[in-house]
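The next block holds one structure in the form of structure tokens; read it before the comments.
The values are calculated or read from the model by the stated rules, or taken from the named source; none is laboratory data. All values reported here derive from a predicted model rather than from experimental measurement. Using ideal geometry, Cβ is built from the backbone for each residue, glycine included, and neighbour counts are taken over all protein chains shown. We work out accessible area using only protein heavy atoms, side chains counted, and drop any ligands, DNA or RNA first. Shrake-Rupley method; radii C 1.70, N 1.55, O 1.52, S 1.80 Å.
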Amino acid sequence: MELKDKIIVVTGAASGIGRAMCLRFAQEGARHIACVDMNIEGAQKTASEIGGTAYLVNVGKADEINELINEVERNIGPIDLFCSNAGISVAGGVEVPDDDWQRIWDINVMSHVWAARALVPLMSARGGGYLLNTSSAAGLLNQVGSAPYGVTKHAAVGLAEWLAMTYGDQGIKVSVLCPQAVRTEMTRGHEDHVAAIDGMMEPEPVAEACVQTIRAEQFLVLPHPEVVGYMRAKTENYDRWIGGMRKLNRRFGGFE
């Protein structure tokens, strides 16, 4: 899909990958970009640079996502591309309190579910549309030191796969973004963490990878090429791969 003249929604647009997406999509000639974030000042700054519209939305709330989609469709036009990009991380393992598990589940997984629930019928009725869901390389591999992050990012990949195979015949295109470490507010102070073992990428190349993948209408967005090799190693010998991950766990410990 070409992005020129398209109406696009990006969550997590105040900074990091979301902001870089907005700026890059604008360079492609998008008709209008809705810049969504809990940080409304940051969203407004992004929107002001590209002639977009800022929205204050908590993507962990189904009713707020529904209202966002309704407002954009009513006031701007039919959404061509919805980027469910906002996400959070929670450190720890199975001992993490239920409230924290629920919060990260709602933001990292259910926000994608709620957006698809609202948009798939609309997009299908008009012949198609595009969903770009941000997961992580952790969704293909896993995350040392953070069970909630690894689990929810796996679920985000699984959902994207299901959407692609279920609604592809209705013209719904799906891509899932799976980078390793990217220099964002989430990774600030964690430059030496395991996720950055192959280096810390800036948001701009990640946004560029999104543009190229959407243009090619491919499923996986992999800004870090090393991830393909890690995926192959995992599937070729799961036990050996887990052994390697145990070594990384001993070396890097928790996601503190």
So the FRET efficiency between Leu122 and Val94, C-beta based with R0 = 41 Å and rounded to 0.05, is 0.60
Quote the relative contact order of region 104-167 in percent (integer), defining contacts as alpha-carbon pairs under 8 Å separated by 6+ residues.
39
How many percent of Cα pairs in the chain exceed 32 Å?
18
Relative contact order of region 44-123, pairs being alpha-carbon contacts under 8 Å that are 6 or more residues apart, as %
35
For peptides 41-50, 158-167, 234-243, sequence by mean Cβ density within 10 Å, most packed first
41-50, 158-167, 234-243
What lysines does Lys173 reach when the alpha-carbon gap must be under 17 Å and sequence neighbours fewer than 8 apart in one chain are set aside?
Lys4, Lys6
So, in Å, what gap is there between the alpha-carbon centers of region 95-147 and region 1-75?
17
So if I place +1 on the C-beta of Lys and Arg and -1 on the C-beta of Asp and Glu, and nothing else carries charge, what would the dipole magnitude of the chain be about its Cα centre? I want it in debye, nearest 20.
500
Under a 1.4 Å probe, what is the accessible area of the chain per residue, stated in Å²?
46
Which order do the peptides 133-146, 111-124, 59-72 take when ranked by the mean count of other beta-carbon atoms within 10 Å per residue, highest first?
133-146, 111-124, 59-72
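FRET efficiency for Asp169 and Arg74, Cβ-Cβ distance as r, R0 = 25 Å, nearest 0.05? Write down the numbers at each step before the final one.
Numbers: r = 28 Å, r/R0 = 1.13.
Efficiency for this residue pair is about 0.35.
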With an 8 Å cut-off on Cα pairs and a minimum separation of 6 or more residues, tell me the relative contact order of the chain in percent.
18
